[in-house]
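K.L.:
Let me give you the structure first, and then I'll get to my questions.
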Amino acid sequence: MINVFIDTEFTDFKDCDLISIGLVSECGQYEFYAEILDHEVEWQSPFVKEAIVPLLDNEAYGMSRENAGKALASWIDALPDRMVVILADYPMDLELFSELGYGHWIRSKNIVRDHINHAFLLALHERGYHMPQQMHQAFKQLPIGIEQYYQIDNRRHHALVDAKANRHGWLKGLEYARGT
């Protein structure tokens, strides 16, 4: 099984269309990033125009939705494990991930989608951490680790950077748990 952290950026909560998607494996060895050139630009909220659009690099990462779906499927197919767990901090990320991949998925992989908080608690449990106080203290490290990552790369609201921040929080929580 391989855990993969995901984040997306999208136009608005009301009129939601995928702008960019970033994924990074728990080991940090595998990354995917794409920007969707044919998203509904007119749906972009003022926040998106101000905070997200300046972080985009369409020349380097821009592709059509169709090509991004194919590239994502190829990337997932190349991952070394048969079971791929996609972990997100927001349900819309999982929905947009599924929409982008619709029709392109390689059937050689078993893909599970989960919320990072739920999966983290399960990971602690599987590693033998059963005391509520112990689990709570480790769980509190998730947001601390996420914020620490933004000291390394301050491009908050860049899909790949945010996925890496979630990974960093996860690893920080597991590291704390191992030390207790």
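The values are calculated or read from the model by the stated rules, or taken from the named source; none is laboratory data. A quick note: this is a predicted structure, and the numbers were derived from the prediction, not measured. With ideal geometry, Cβ positions are generated from the backbone for all residues, glycine too; neighbour counts draw on all protein chains shown.
K.L.:
For the structure I just gave you, tell me whether LEU122 is closer than 28 Å to ASP12 by Cβ and assigned to a helix (DSSP H, G or I).
P.N.:
So LEU122 does not fit the description; no.
K.L.:
Additional query: Which of the residues belonging to region 1-38 are surrounded by fewer than 24 Cβ atoms within 10 Å (Cβ to Cβ) and among the polar types (S, T, N, Q)?
P.N.:
Across region 1-38, the qualifying residues are ASN3, THR11, SER25, GLN29.
K.L.:
May I ask you to say which residue of ILE36, ILE76 is under 18 Å from ALA163 (Cα atoms), within 19 Å of the chain's Cα centre (by Cα) and modelled with pLDDT of 95 or more?
P.N.:
ILE36 is the lone residue from the list that is under 18 Å from ALA163 (Cα atoms), within 19 Å of the chain's Cα centre (by Cα) and modelled with pLDDT of 95 or more.
K.L.:
While we're looking at this one, here's another question. Please go through region 99-145 and give me each residue that is closer than 17 Å to SER74 by Cβ, free of Cβ contacts under 8 Å to residues at least 24 places away in the same chain and not charged (D, E, K, R), ordered by number.
P.N.:
Once the filter is applied, which keeps residues that are closer than 17 Å to SER74 by Cβ, free of Cβ contacts under 8 Å to residues at least 24 places away in the same chain and not charged (D, E, K, R), region 99-145 yields nothing.
K.L.:
Output the number of the condition that SER98 fails; it satisfies all remaining conditions of (1) under 24 Å from LYS14 (Cα atoms); (2) within 16 Å of the chain's Cα centre (by Cα); (3) crowded, with 16+ Cβ neighbours inside 10 Å; (4) not charged (D, E, K, R).
P.N.:
Answer for SER98: the failing condition is (3).
K.L.:
Taking region 86-95 as the search range and keeping residues that are surrounded by 19 or more Cβ atoms within 10 Å (Cβ to Cβ) and out of contact with any Lys or Arg (no Cβ under 6 Å at 6 or more places or on another chain), which one is nearest to MET1 (Cα to Cα)?
P.N.:
The residue in question is LEU87.
K.L.:
Give the residue, chosen from ASP162, ASP81, that is in contact (Cβ under 8 Å) with a residue 40 or more places away in the chain, in a helix (DSSP H, G or I) and under 22 Å from ILE21 (Cβ atoms).
P.N.:
None of the others qualify; the one that does is ASP162.
K.L.:
Go through (1) under 17 Å from the mean Cα position of the chain (by Cα); (2) farther than 20 Å from ASN166 by Cβ; (3) part of a loop (DSSP other than H, G, I, E, B) for ALA71 and report which single condition fails.
P.N.:
Against the list (1) under 17 Å from the mean Cα position of the chain (by Cα); (2) farther than 20 Å from ASN166 by Cβ; (3) part of a loop (DSSP other than H, G, I, E, B), ALA71 comes up short only on (3).
K.L.:
Is it the case that region 102-118 has a residue that's in contact with a strand residue (DSSP E or B) (Cβ under 8 Å, 6 or more places away or on another chain), assigned to a loop (DSSP other than H, G, I, E, B) and of a type in the set (Lys, Arg)?
P.N.:
Yes.
K.L.:
Name the residues in region 6-32 that are part of a strand (DSSP E or B), acidic (Asp, Glu) and under 19 Å from VAL112 (Cα atoms), would you?
P.N.:
ASP7, GLU31 - these are the residues of region 6-32 that are part of a strand (DSSP E or B), acidic (Asp, Glu) and under 19 Å from VAL112 (Cα atoms).
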